[in-house]
1. Largest first and in whole Å, give the semi-axes of region 60-149's equivalent ellipsoid, each being the square root of 5 times a Cα gyration tensor eigenvalue.
2. Explain nothing, just the number: relative contact order of region 48-149, from Cα pairs under 8 Å at least 6 residues apart, as a whole percent.
3. Please list the non-local residues whose amide H lies under 5 Å from the amide H of Gly49, H modeled 1.01 Å from N, same-chain partners needing a gap of 5 or more.
4. Quickly rank 90-96, 28-34 as a protection proxy: mean count of other C-beta atoms within 10 Å, highest first.
5. Between Ser120 and Glu68, what FRET efficiency comes out of the Förster formula 1/(1 + (r/R0)^6) with R0 = 25 Å and r the beta carbon distance, rounded to 0.05?
6. Please give the net charge around Asp106, taking every other residue with its beta carbon less than 14 angstrom from that of Asp106, where Lys and Arg add +1 and Asp and Glu add -1.
7. Using the Cα centre of region 89-149 as the reference point, and only Cβ charges (+1 on K/R, -1 on D/E), how large is the resulting charge dipole? Debye, rounded to the nearest 20.
8. Please compute the length gained on full extension between Glu41 and Ala103, using 0.36 nm multiplied by the number of residues separating them and subtracting their Cα-Cα distance.
Amino acid sequence: MTERHIHMAGSVVERHVIRGGRTSERDVFEYVLLRVVPRIERGECINAGVLVYCRAKAYVGVRTHLDEERLRALDPDADAAGVRAALRAVEAVCEGREDAGPAARDDAGRRFRWLVAPRSTIVQPGPVHTGLTLDPAAEAERLLDLLVR
C-alpha cells in the first residue's frame with residue numbers, strides 16, 4: 001500500500017506501508033539488467049549494466065561494466081568497441097545529454113521506458129524488476145556489484 005503526502009512546496013512524497021501499518025522511508029524503484037547478446041541466433045548473454053529508475057526521486061541512472069574476457073568466451077569475434085559504444089549511448093540518454101537525441105530530453109520516466117523497450121540488438125534490456133530503496137544511485141552501484149561484476 002502507498003500513502004501520498006503533499007508537502008507545502010507542492011512536491012509529492014510517497015511512503016510505502018509495510019507490516020502492521022508502519023511506513024517506510026524507502027521509495028519504490030525499478031531496474032533492468034543490460035545484457036550483451038553477441039550472437040542473437042544463439043541467445044547467449046552476459047550482463048553488462050544495470051538501469052535504475054525511481055519515480056519518487058525523478059531518478060534514472062545506469063552503471064555499466066563490460067567484461068571483455070566473458071564476451072570473448074561467448075564470441076571470439078565480438079565487437080567490444082561496438083558494445084562499449086552502445087553502452088555509452090544508454091549512459092548519454094540517462095544523463096539527458098544533448099547529443100543523445102530526442103529521448104534524452106524526456107523526463108526520467110519516459111527515458112527509462114524508452115531504454116527498457118525490447119530490442120533485437122547486441123545490447124538488450126532484460127525484464128523489469130522492482131524493489132524499495134533509500135538511495136537509487138547507491139542501489140545502482142549495489143546491483144552492478146551483485147549482478148554484473
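1. 23, 18, 12
2. 34
3. HN-HN under 5 Å from Gly49: Leu34, His65.
4. Highest to lowest by the protection proxy: 28-34, 90-96.
5. 0.65
6. Net charge around Asp106: +3.
7. Taking the Cα centre of region 89-149 as origin, the dipole is about 280 debye.
8. 19.5 nm is the gain from fully extending Glu41 to Ala103.
No lab work stands behind these numbers, since they all come straight from the coordinates. Remember, it's a predicted structure, so these values are computed and weren't measured experimentally. Counting neighbours? That spans all protein chains shown, and the Cβs are built from the backbone with ideal geometry, glycine included.
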